[in-house]
Amino acid sequence: MSPLSDDEIRSVEWLRDNHALLAEPMLKRLQDEYPALKEQYGYSKEECDQWMPAVRHLEDFKPLISLQSASVHQVSKNGIPYTGFAFDCTWDQEHGLGFLMHDRRIVDFGDTSVAFLLWIAERDVQTAAG
């Protein structure tokens, strides 16, 4: 393995310095998608009360999700790297929850694979360039 390049170091530093700004957009998106996710999973009322309880405030997600990993992709735009966040979640212990971000913008949302798939970031760069 070779040492990180200067660009890679800057990308990691960007995430270190800005990670707190990314939580709110992710939680707001989750709050927006939560009713559809509840319907998608189709839990019984008892299961739903246990795995996907009512959420009134963004903080209510804290006991339901936990950060599994954060990834800094080698793809960037305007000097800002694409970052992926994979979460464990109570309602899907196998696939989890994932976000791909560029700055505070959510590029994609889904299961944990979204956080790792480089082609999604590359497609986003191409879409913005085209």
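The figures follow:
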quantity	calculated
Within-14-Å neighbourhood charge of residue 30 [Cβ basis; K, R +1; D, E -1]	-4
Overall dimensions of the range 1-100 by Cα: Rg and Dmax, Å	16.3, 52
Separation of alpha-carbon centers, the range 72-130 and the range 1-63, rounded to whole Å	11 Å
Carbon plus sulfur fraction of accessible area for the range 3-48, probe 1.4 Å, in percent	52 percent
The range 1-75, accessible area per residue, ligands and nucleic acids excluded (1.4 Å, Å²)	72 Å²
Descending semi-axes in whole angstrom, ellipsoid equivalent of the range 47-130, from the Cα gyration tensor	28, 12, 10
Computed helical MRE - 222 nm, the chain, DSSP H runs ≥ 4 contributing -39500 (n - 2.57), nearest 500	-15000 deg cm²/dmol
Between 0 and 90°, nearest 10: helix 118-129 axis offset from the chain longest Cα axis	70 degrees
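The values are calculated or read from the model by the stated rules, or taken from the named source; none is laboratory data. Predicted, not measured: the structure shown is a model, and the values here were computed from it. Using ideal geometry, Cβ is built from the backbone for each residue, glycine included, and neighbour counts are taken over all protein chains shown. Only protein heavy atoms, including side chains, enter the accessible area calculation; ligands, DNA and RNA are left aside. Shrake-Rupley method; radii C 1.70, N 1.55, O 1.52, S 1.80 Å.
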